[in-house]
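The values are calculated or read from the model by the stated rules, or taken from the named source; none is laboratory data. None of these values were measured; they are calculated from a predicted model. Note that each Cβ is placed from the backbone with ideal geometry, even for glycine, and that neighbours are counted across all protein chains shown.
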Amino acid sequence: MQRTNFKNQTQRFMMIMLVALIALGGATSCKSKKKIAREQAAAEYASKVAQARKDLNAILMDETTWTLTEKENRLATIKSWNLQDEEILELLDLAEDKLARERAEAERRAEEERLREQEARERAETSRFVTLENQFKALAASPDSYTANERIAVMLNQFASPDVPVLIIISQAGGFNDYDRPTTIEKYLNYVKDQKVFNNKVEDARYDANKKITELQLIKK
């Protein structure tokens, strides 16, 4: 009987020890996982700090092949990491200031290029009508009717028909044109011949598939 009791007590003791070991192992395992997670987080943070330091210094020293937009995107990514490192925060301020100056310079150069292209287009547009304007001036300066009529015949050959409309702009405001009474190219050429004056300049002209003028716009000088 005593032997049976001793056996039961031993079994209970072993069971208690097993439960205790399992509980201790679980607690140790939980602590180990937390420790590993902390170590991983610290390693990731340190890696980001190192990468941020490398990239920001490269931006500041112009040691990258990145475009300005790529540098700006990289800066935004580093800022999104929210690294609370004094050196990184200082580098971020310096890089942000540098890229802001680069962006302003890029926009200035782009605006200068736009203005150059616009000026070139305007020069090309103006030179496109130089010959026609010179013909009008020559017609106004014709010494006699015979010469004037010859010049009119030459000029009419450049138009789709003698009835091509001629629109004369007398004022411009708010992006809108105010026109004088419409006339035709034949009537206008004869007017220049009779008045012996051409006080307009060619503003625009439309052409057909045969490169004949189908509409002419003049503007008062």
For ALA124, are the conditions met, namely being in a helix (DSSP H, G or I) and closer than 30 Å to THR64 by Cβ? no
If you take the residues in the range 164-186 that are charged (D, E, K, R) and farther than 23 Å from TYR207 by Cβ, which one is farthest from the chain's Cα centre (by Cα)? ARG181
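Only one of THR64, THR77, THR126, THR131 is at pLDDT below 95, surrounded by fewer than 15 Cβ atoms within 10 Å (Cβ to Cβ) and within 24 Å of the chain's Cα centre (by Cα). Can you tell me which? Steps first, answer last, please.
Numbers: THR77 fails: at pLDDT below 95; THR126 fails: within 24 Å of the chain's Cα centre (by Cα); THR131 fails: within 24 Å of the chain's Cα centre (by Cα).
Just one listed residue meets the conditions, THR64.
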Lone qualifier among LYS54, LYS48, LYS34, LYS71 - being in a helix (DSSP H, G or I), farther than 20 Å from ALA104 by Cα, at pLDDT 95 or above and out of contact with any Pro (no Cβ under 8 Å at 6 or more places or on another chain): LYS54
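Taking the condition of being surrounded by 10 or more Cβ atoms within 10 Å (Cβ to Cβ) and assigned to a helix (DSSP H, G or I), how many residues in the range 80-92 meet it?
Within the range 80-92, the first condition is being surrounded by 10 or more Cβ atoms within 10 Å (Cβ to Cβ), and the residues that meet it are 81, 83, 85, 87-92.
Among the residues that remain, those that are also assigned to a helix (DSSP H, G or I) are: 87-92.
So the count comes out to 6.
Could you tell me which of the residues ASP204, ASP208, ASP144 is surrounded by fewer than 17 Cβ atoms within 10 Å (Cβ to Cβ) and over 41 Å from the mean Cα position of the chain (by Cα)? Step through it out loud before you land on a result.
Numbers: ASP204 fails: over 41 Å from the mean Cα position of the chain (by Cα); ASP208 fails: over 41 Å from the mean Cα position of the chain (by Cα).
Going through ASP204, ASP208, ASP144 in turn, just one is surrounded by fewer than 17 Cβ atoms within 10 Å (Cβ to Cβ) and over 41 Å from the mean Cα position of the chain (by Cα): ASP144.
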Within the range 96-123, tally of residues that are more than 23 Å from the chain's Cα centre (by Cα) and modelled with pLDDT of 95 or more: 0
Checking the conditions here, which among GLU203, GLU215, GLU186 is touching a Lys or Arg at 6+ places or on another chain (Cβ under 6 Å) and either in a strand (DSSP E or B) or not β-branched (Val, Ile, Thr) (or both)? GLU215
Checking ILE185 against (1) at pLDDT 95 or above; (2) loosely packed, with under 12 Cβ neighbours inside 10 Å; (3) among the aliphatic types (A, V, I, L, M); (4) in contact with a strand residue (DSSP E or B) (Cβ under 9 Å, 6 or more places away or on another chain), which test does it fail? (2)
Can we say ALA153 is modelled with pLDDT of 95 or more and within 22 Å of ASN200 (Cα to Cα)? yes
